[in-house]
Amino acid sequence: MNNNIENIIKCIKGKKVVFVSTKNKDYIRNTQEINLLTGEAEHCEVIASGSSSYVKRVLYVYWHLLRTLIKKRYDVIFIGFAPQLLLPFYAFMKKPVIIDFFISMYDTFVDDRKKVKAGSVIAGILHSMDKYVLKKADHIVCDTRAHRDYFVDEFGEDQSKFNVYYLEADTSIYSSAACAEKKSNTGKFNVLYFGSILPLQGVDVILKAAHKLQDEDEIKFVIIGPLEKKYDEVKRKMKNTEFIDWLPQQELAKKIMEADLCLAGHFSGTIGKANRTIAGKTYIYKAMKKPVILGDSAANRELFEEDAKENFYVPRGDAQALSDCIRKIYCMRNNGENV
């Protein structure tokens, strides 16, 4: 991958580093960054909780970070997912500070989830929070060049502070070796999607595409994720689709192994962030050597070349194009083409 983290490695090399994150410890981005720090730093202390309770995780991090800042026994502090949540502590952190600006609070709540009205007081506060933590950081990690360019334009931060570090799958769980195991023979062409069902993922586009193919007896959809109640009626009508609320990672890997085709996304055609970020599931699918359908975006184009074999693109927001692409790949497989 075309990662650009030389400045990060130089900063942490041979140093005592504290890694802090309010996200669950086994989150894909946390695991990736902890592995980087463990490999490059002299010592890496991890302040993160495995609790399923968000409140408990935040309280755990606040207490242990406060103790660490008082003792000052570190050379570098690396703040993982959502550095904005540690806003009260920045004044007490000694330099250098590295942050992973994985999400913008302003972008997430105003454009992505539309929980806050653009131009409102709260939107202004969120924008100021983002801008503050970016300014306080000596080095900023982000997940794509498209996101970096957006953050530079939106918040006026110096581009030289940004370091693009693409996500990676946890290959101890998700790997091509798992795909070498015997695939479950259901006689169906299995199309799989999993996700947390955030708006930018475009699950409504996926459901519409699946509905358009419900009379194709040989095509089966498996959708894994916590669908909202508003989709209950749709679910009842879709005879070709298996819905699973959620699975542990090892069980998810088995389901992916059984799939003939995986839907990566993002598929939303109205949310700007869908054009700037690569879905974490995409890295998992690729690690397991699965053909994928991607939403056509600037971010996806940074890494994945369309080849009509492993990577297929469709316009974001277009359920008809998605269903047509799935049918095309199914026909290619039936005609003996290597997909």
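Every read-out reported here was derived from the displayed coordinates using simple, explicitly stated rules and does not represent laboratory data. Since we're looking at a predicted model, the values are computed, not measured. Here the Cβ positions follow ideal geometry from the backbone for every residue, glycine too, while neighbour counts run over all protein chains shown.
When only DSSP loop residues count, what GluC sites (Glu not before Pro) in segment 26-67 have their Cβ near at most 16 other Cβ atoms within 10 Å?
Qualifying residues, ordered by number: Glu42.
Determine ³J(HN,Hα), in whole Hz, for all residues of segment 114-119 in sequence, where each value follows from phi through the Karplus function 6.51 cos²θ - 1.76 cosθ + 1.60 and θ = phi - 60°; x replaces Gly and Pro.
6, 8, 10, 6, 4, x
Using a 10 Å cut-off around each Cβ, can you sort His43, His266, His127, His147 from fewest to most neighbouring Cβ atoms?
Lowest count first: His43, His127, His147, His266.
Across 10 Å bins from 0, what is the distribution of all Cα-Cα pair distances for segment 176-334, in whole percents?
11, 43, 39, 7
Would you mind checking Lys117/Lys220; Lys10/Lys71; Lys229/Lys328; Lys114/Lys208 for any pair whose Cα atoms are more than 29 angstrom apart?
Lys117/Lys220; Lys229/Lys328
For segment 269-339, what size does the Cα cloud have along each of its three principal axes, sorted from largest down, in whole Å?
Result for segment 269-339: principal-axis Cα extents of 38, 28, 16 Å.
Tilt of helix 203-212 relative to the longest C-alpha principal axis of the chain, in degrees (0 to 90, nearest 10)?
10
In what order do Arg113, Arg148, Arg236 fall by count of nearby beta-carbon atoms within 10 Å, going from fewest to most?
Arg236, Arg113, Arg148
At what distance in nm do the modelled label points of Asn3 and Glu310 sit from each other, each positioned 7 Å from its Cα along Cα→Cβ?
That separation, rounded to one decimal, is 1.9 nm.
Quick one: grab the alpha carbon gyration tensor of segment 151-255, order the square roots of its eigenvalues as a ≥ b ≥ c, and give me rounded if a/c is under 1.5, else prolate or oblate depending on whether a/b is larger than b/c.
oblate
Starting from the amide H of Asp170, placed 1.01 Å from N in the peptide plane, find each other amide H under 5 Å away whose residue is 5 or more places distant or on another chain.
The answer is none.
Using the Karplus curve 6.51 cos²θ - 1.76 cosθ + 1.60 with θ = phi - 60°, work out ³J(HN,Hα) for each residue of segment 71-85 in order, rounded to whole Hz, and write x for Gly and Pro.
6, 6, 9, 8, 9, 9, 10, 10, 9, x, 2, 6, x, 4, 6
Step through the residues of segment 287-293 one at a time and calculate ³J(HN,Hα) from phi using the Karplus curve (6.51 cos²θ - 1.76 cosθ + 1.60, θ = phi - 60°), rounding each to whole Hz and writing x for Gly and Pro.
Coupling constants for segment 287-293: 5, 9, 6, 9, x, 10, 9 Hz.
If you keep only loop residues by DSSP, which chymotrypsin sites (Phe, Trp or Tyr not before Pro) in segment 237-274 have at most 12 other Cβ atoms within 10 Å of their Cβ?
Trp246
As an exercise, take the mean of 1/r over every pair of distinct alpha carbons in the chain, invert it, and state the Kirkwood radius in angstroms.
One decimal place: 21.3 Å for the Kirkwood radius.
Just to confirm a number: summing +1 for Lys and Arg and -1 for Asp and Glu over residues other than Asp158 whose beta-carbon lies under 14 angstrom from that of Asp158, what do you get?
0
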